[in-house]
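Just below is one structure, and these are the notes that go with it.
The values are calculated or read from the model by the stated rules, or taken from the named source; none is laboratory data. Keep in mind that what you see is a predicted model, and the values were worked out from it rather than measured. Note that each Cβ is placed from the backbone with ideal geometry, even for glycine, and that neighbours are counted across all protein chains shown. Please note that ligands, DNA and RNA were not included when accessible areas were found on the heavy atoms of the full protein model with its side chains. Shrake-Rupley method; radii C 1.70, N 1.55, O 1.52, S 1.80 Å.
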Amino acid sequence: MKFRAKINDVGCLNHFTRVLNTITKLTKTCVLRLTVDNVYFVLSGKVANGGVSMWCELLQVNFFDEYQLEGVSSEANEICLEVAPENLSRALKTAQNAKSVKIKLTKKHCPCLTLAAELPSLSSIGRIVTHDIPVDIIPRRLWHDFKEPTMPDFDVSIYLPPLKTMKSVVDRMKNLSNYLVVEANLNGEMNLKIETDLVSVTTHFRDLGNPPWGDNAVQSQSRDVETMAHARVDIRKLQQFLMGQQVNPNKSMCNSALYIWICIQEGSYFLLHADIVDKRIIHLILLQEDVSLQYFIPAVA
Amino acid sequence: MPLSTQSQSGNDEYILVASLDNARNLSNILKAISFKDHAIFNVTQNGLKVTIEDSKCLQANAFIQADIFQEFTLKEDVVGFQVNLTVLLDCLTIFGGSTVPGVNTALRMCYNGYGYPLTLFLEEGGVVTVCKINTQEPEELIDFDFCSTNVTNKVILQSDSLKEAFSELDMTSEVLQLTMSPSHPYFRLSTFGNSGNAHYDYPKDSDMMELFQCTKTQTNRYKMSLLKPSTKALALSCKVSVRTDGRGFLSLQYLVRNDDGQICFVEYYCCPDEEVESNE
């Protein structure tokens, strides 16, 4: 098994770091799956981690200038490692302004991912900072747990409104009720509703816009634009999702556009947080009434 | 859906419609009396009176006159109902409690009469929230029978002076003792806590004293737990009038200016805790 890769571009490095920072917030440990074309961060939904599952797929060529992989065997040309993403984040933090970062699979006292960052310096010889991050090699017989999940069907998808407003409303609604109903239609309209013995509150958002899915469309073309699809969610989980979003969606940020939208299938819904222009990573978060928070992150083809 | 369209279609049904361009002109003053859940609304042509009571010994009232509202239409002489104030405040501040200059939440408050919910239409930045809060039959309010003819002692103070004292009050003291007298110490707040006794004296010729009319030396004690919530009203106010009557009942009246500089009042009535010798 061999793996070595190198990032030379500071933009790619920053982006890789941001992805890792997001993953660090989601989970303490995850599986790093390395293939010839892709780097995946995977967490399979198990009771132990509260049912959370996560799939993050990065197209290797978009990040690494050099990439060499020799997997477990020629038919199974992949490597699966269990790693604590926080260790990677921390190491990348010291590499913030690095001229280059090399990542290599090594064996010290245990298998490690060794990160070597060449930092700029005034003299001709750059400083090199090395981190050895311990990892566990995952045997092939367990690889079936980390297969690519399928994208669920949905009835309606719609862009989220400015998060600040949505956060305020959801924060107040949380004082009044445990559950919230989200409904949306293909006319860019979304409502958040709560109803208890004491009070009912409905917030109406308009002119939100619906994402164009094109060839990937799985929603019914013949659906009436005014008909609302609705789903009921635990408010605390929605609040958790909103708190994790740092920036305003649907705005350009440097070279990549950031979009957040929600897909509703009658009875359940999932929220998509997408950073899609350059690097093609889509974060998708699935929230259901009876299942604890699931993070579900497939890539767009 | 703009609020104005709603009013045209729905106005005929409601017996009360009150509108504000800035919902904070209602929510801020209600926060000053929000120490209990149940609030009794009493609406007349003069405006809104919201009352909260505690253990039959304390009553707080907030008055928002009709002319504070941009629209105030009442189809009956008197309308009364009870709502959960905490829920009402969460609804009034649905778009967030922070004050961003220039950005206001507009409010239209509507009520259909007995058995109907209190309906709020709130709008900020094109987003509309509709709240329907269940109402109950208003509980009978205590009549403290406090009238100006029985007032023995009265002072009007600038709130700033009292704010400092109230923020420093020894909370380990079960009572707050108030002494008002035509002679020294004139106006004194006292506490008796674990760390000892503390006195705050306000001489009658102090800058902070706008009015001093004390006819008789009186010392009364009031439960600290009952008066502590009045600190919220004090914090909002610029002036406060303190009056006691022959029975030792206390009336605190706070003059509050809202965001637009308009004046509203909050008053607290409190029963004395026990009889105290008047020249203690």
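If the requirement is being among the basic types (Lys, Arg), surrounded by 16 or more Cβ atoms within 10 Å (Cβ to Cβ) and under 18 Å from the mean Cα position of the chain (by Cα), which of these qualifies: B:Lys228, B:Lys232?
None of the others qualify; the one that does is B:Lys232.
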Fill in: region B:54-73, residues that are over 18 Å from B:Ala235 (Cβ atoms), of a type outside the set (A, V, I, L, M, F, W, C) and surrounded by 19 or more Cβ atoms within 10 Å (Cβ to Cβ)
B:Gln59
Worksheet item: Can we say B:Thr129 is within 30 Å of A:Met173 (Cα to Cα), touching an Asp or Glu at 6+ places or on another chain (Cβ under 8 Å) and among the β-branched types (Val, Ile, Thr)?
Response: yes
Practice prompt. Within region B:152-193, work out how many residues are over 21 Å from the mean Cα position of the chain (by Cα), buried (at least 16 other Cβ atoms within 10 Å of the Cβ) and over 20 Å from B:Cys271 (Cα atoms).
Written response: 3
Discussion item. Can you tell me which condition B:Thr215 does not meet? The list is (1) more than 30 Å from B:Ala23 (Cα to Cα); (2) within 24 Å of the chain's Cα centre (by Cα), and all the others hold.
Written reply: (2)
Item to complete: Search region B:74-95 for residues being under 22 Å from the mean Cα position of the chain (by Cα) and part of a loop (DSSP other than H, G, I, E, B), and hand back the single one that is surrounded by the fewest Cβ atoms within 10 Å (Cβ to Cβ).
Response: B:Thr93
Discussion item. Take the conditions more than 20 Å from the chain's Cα centre (by Cα), part of a helix (DSSP H, G or I) and either within 14 Å of chain A (Cβ to nearest Cβ) or not aliphatic (A, V, I, L, M) (or both) and apply them to B:Thr149. Does it pass?
Written reply: yes
Item to complete: Inspect all residues belonging to region B:201-223 and state whether any of them is without any contact (Cβ under 8 Å) to a residue 40 or more places away in the chain and under 30 Å from B:Leu30 (Cβ atoms).
Response: no
Discussion item. Suppose we keep only residues that are at pLDDT 65 or above and in a helix (DSSP H, G or I) within region A:22-53. Which one would you say is farthest from A:Arg90 (Cα to Cα)?
Written reply: A:Leu26
Discussion item. Of all residues being surrounded by 10 or more Cβ atoms within 10 Å (Cβ to Cβ) and more than 10 Å from A:Thr94 (Cα to Cα) in region A:119-132, which is modelled with the lowest pLDDT? Just the residue, please.
Written reply: A:Gly126
Worksheet, complete the sentence: Among the residues of region A:145-172, the number that are modelled with pLDDT of 85 or more and touching a Ser or Thr at 6+ places or on another chain (Cβ under 8 Å) is 2
Fill in: Output for region A:171-181, where each listed residue is of a type outside the set (Lys, Arg) and either facing chain B (nearest Cβ under 9 Å) or in contact with a helix residue (DSSP H, G or I) (Cβ under 8 Å, 6 or more places away or on another chain) (or both)
A:Asp171, A:Met173, A:Asn175, A:Leu176, A:Ser177, A:Asn178, A:Tyr179, A:Leu180
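Just need a number here: residues in region A:58-109 that are of a type in the set (Ser, Thr, Tyr), in a strand (DSSP E or B) and touching a residue at least 40 places away in the same chain (Cβ under 8 Å).
Residues of region A:58-109 that are of a type in the set (Ser, Thr, Tyr), as a first pass: A:67, A:73-74, A:89, A:94, A:100, A:106.
Among the residues that remain, those that are also in a strand (DSSP E or B) are: A:67, A:100, A:106.
Subset that is touching a residue at least 40 places away in the same chain (Cβ under 8 Å): A:67, A:100.
So the count comes out to 2.
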Worksheet item: Yes or no: A:Thr35 under 21 Å from the mean Cα position of the chain (by Cα), surrounded by 19 or more Cβ atoms within 10 Å (Cβ to Cβ) and more than 22 Å from A:Thr130 (Cα to Cα)?
Response: no
Worksheet, complete the sentence: Residue pairs within 9 Å by beta carbon, gap of at least six or interchain, first lying in region A:194-211 and more than 8 Å from every other protein chain (Cβ to nearest Cβ) and of a type in the set (Phe, Trp, Tyr), second crowded, with 23+ Cβ neighbours inside 10 Å and not in a loop (DSSP other than H, G, I, E, B), listed first then second, are none
Practice prompt. Evaluate region B:96-110: report whether one residue or more is at pLDDT below 95, surrounded by fewer than 18 Cβ atoms within 10 Å (Cβ to Cβ), more than 14 Å from every other protein chain (Cβ to nearest Cβ) and not in a strand (DSSP E or B).
Written response: yes
Worksheet item: Which of the following residues is at pLDDT 85 or above, in a helix (DSSP H, G or I) and away from chain B (no Cβ under 14 Å): A:Leu142, A:Leu113?
Response: A:Leu142
Practice prompt. Please work out which residue is farthest from B:Thr219 (Cα to Cα), limiting yourself to region B:250-268 and to residues that are over 10 Å from the mean Cα position of the chain (by Cα) and open to solvent by 20 Å² or more (accessible area, probe 1.4 Å).
Written response: B:Asp260
